[in-house]
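Taking it in order: structure first as structure tokens, then the write-up.
The values are calculated or read from the model by the stated rules, or taken from the named source; none is laboratory data. Here the structure is a predicted model, which is why all the values come from computation and not from measurement. Quick reminder, even Gly has a Cβ in these numbers, built from the backbone with ideal geometry, and neighbours come from all protein chains shown. Accessible surface is based on the protein model in full, side chains and every heavy atom, while ligands, DNA and RNA are left aside. Shrake-Rupley method; radii C 1.70, N 1.55, O 1.52, S 1.80 Å.
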Amino acid sequence: MTKLGKQRGSDYEREICTFLSDALGQSVRRCLGQARDGGGDIDVPPFLLECKRRRSIAVYEWMDQAVKSAEDAGRIPVVICRGDRKESLVIFRLTDAIKLMQNEM
């Protein structure tokens with residue numbers, strides 16, 4: 001990955017942290033060292049978020065990465081992504097969505 005690509009990814013992670021901090025009323029921070037340690041980008045229990053900002057979207061590849069990180073941490077894998085000039089999306093597995101719906105209803 002290029003230096004510009006890494007910077008763009010870090011900027012997007014900070015953007016998501018700011019958004020979540022404001023929305024949840026609590027401090028949300030990036031997991032520093034995640035590239036070296038193989039963990040997710042942002043830990044918001046029970047979720048472990050993997051943030052991606054790219055021109056093209058590779059959802060299944062990103063979800064595979066999120067699943068691997070989340071399983072090690074005992075969290076629900078989530079991918080947050082945004083294409084250029086698009087809004088952010090939250091992606092998680094249908095089986096996890098059903099579990100969340102059953103607990104909420």
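So the values come out like this:
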item: Subset of the stretch 76-99 (residues that are surrounded by 14 or more Cβ atoms within 10 Å (Cβ to Cβ) and out of contact with any Ser or Thr (no Cβ under 8 Å at 6 or more places or on another chain)); result: ILE76, VAL78, VAL79, SER88, ILE91, PHE92, ARG93, ASP96
item: Enumerated helices (runs of 4 or more DSSP H) restricted to the chain, each holding at least 3 residues that are at pLDDT 90 or above and under 12 Å from the mean Cα position of the chain (by Cα); result: 3-24, 59-73
item: Hey, SER21 out of contact with any Leu (no Cβ under 7 Å at 6 or more places or on another chain), at negative phi and open to solvent by 70 Å² or more (accessible area, probe 1.4 Å) or not; result: no
item: Among (1) in contact with a Phe, Trp or Tyr (Cβ under 8 Å, 6 or more places away or on another chain); (2) farther than 22 Å from ASN103 by Cβ; (3) among the charged types (D, E, K, R), the one test that ARG8 misses; result: (1)
